[in-house]
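Heads up: the structure comes next, in structure tokens.
The values are calculated or read from the model by the stated rules, or taken from the named source; none is laboratory data. Small disclaimer: the values here were computed from a predicted structure and weren't measured. FYI the Cβ positions are ideal-geometry reconstructions off the backbone, even for glycines, and counts take in every protein chain you see.
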Amino acid sequence: MEPPNVRDCIGQSFGVSAPEKNALRLSFSSCIRGHYKAWDDLLDEIDALAIEAGKAQRIVMAHGPELPDKWPRQEAAIILNEIVVHLEGGGGLGLKTRITKRSWHRLIESCRIEGRIPQTVDEFRALQALANLLESRGRFSGRWRRSVENLGGPTAESLGNRPEHAAQGYATEIRARLNWRIQAWEPLIEELGAVGFRWEDWLAEHPPVPGEHGN
């Protein structure tokens, strides 16, 4: 039996023509070298951020929290988390905390709820939810730059102020490419093995091509 043309088989499994070989090379390289797990992690992060944004939206809309622009987002989130825990535990924001927790009060005086300084536990929860969401969006944007933008995909800035919404649109395509591994790639390897083709030996005889998207 004539040995199968591996590259043709791979192309057929992708359903692509010769002009699309660059896209094939990138997808092929990602799937067979285990990068699919990193893409799966990215999808999980998109879903988690969308859930967090949905939960935060209700309390943010109810109270209209505003965070100071010049305050570092991560620091604001940490302090607001501490304040909420303190208040939920029955603590107050009086003279004692003004002395021992000065950073709390500096932040409180810079935050606003419908134009005024926050007062109630629910108002601080709204500020907390907003700060945590902004921090999560910042971390996600960094992940997107490393995972997608660095491969020539859409920039993090192009996702806008609510990146989870735009990212969910791309998630469908990413999932389709991950499903390709199960639905097309693994059956292809089984078929090639059934006719005597040794995949591992073929890989050893065809070392990766140097370059950013070499395979």
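Taking segment 110-147 as the range and being hydrophobic (A, V, I, L, M, F, W, C) and modelled with pLDDT under 95 as the test, only Trp144 passes. With respect to the conditions (1) modelled with pLDDT of 95 or more; (2) under 28 Å from Leu151 (Cα atoms); (3) assigned to a loop (DSSP other than H, G, I, E, B), Ala48 lacks only one, and its number is (3). Among residues of segment 63-75 being modelled with pLDDT under 95 and in a helix (DSSP H, G or I), the one that is surrounded by the most Cβ atoms within 10 Å (Cβ to Cβ) is Arg73. Among the candidates Leu93, Leu127, Leu42, single out the residue that is surrounded by 14 or more Cβ atoms within 10 Å (Cβ to Cβ) and touching a Cys at 6+ places or on another chain (Cβ under 6 Å). Leu127 is the lone residue from the list that is surrounded by 14 or more Cβ atoms within 10 Å (Cβ to Cβ) and touching a Cys at 6+ places or on another chain (Cβ under 6 Å). Mind checking which pairs have a first residue in segment 148-163 that is outside any loop (DSSP other than H, G, I, E, B) and modelled with pLDDT of 85 or more and a second that is exposed (fewer than 14 other Cβ atoms within 10 Å of the Cβ) and not acidic (Asp, Glu), Cβ under 7 Å, 6 or more apart or different chains? What qualifies is Glu149/Thr155.
Mind counting the residues in segment 119-138 that are more than 17 Å from Glu75 (Cβ to Cβ) and touching a residue at least 24 places away in the same chain (Cβ under 8 Å)? Total satisfying the criteria: 5. For segment 179-204, what are the residues that are of a type in the set (A, V, I, L, M, F, W, C) and part of a helix (DSSP H, G or I)? Across segment 179-204, the qualifying residues are Trp180, Ile182, Ala184, Trp185, Leu188, Ile189, Leu192, Ala194, Trp199, Trp202, Leu203, Ala204. Exactly one residue out of Glu186, Glu212 is exposed (fewer than 10 other Cβ atoms within 10 Å of the Cβ), at pLDDT below 80, out of contact with any helix residue (DSSP H, G or I) (no Cβ under 7 Å at 6 or more places or on another chain) and among the charged types (D, E, K, R), and it is Glu212.
Of all residues in segment 173-193, those that are among the β-branched types (Val, Ile, Thr) have Cβ atoms under 7 Å from Cβ atoms of residues that are crowded, with 16+ Cβ neighbours inside 10 Å, 6 or more apart or on another chain, in Ile174/Trp39; Ile174/Leu43.
The set of residues in segment 88-145 being part of a helix (DSSP H, G or I) and of a type in the set (Asp, Glu) consists of Glu88, Glu109, Asp122, Glu123, Glu135.
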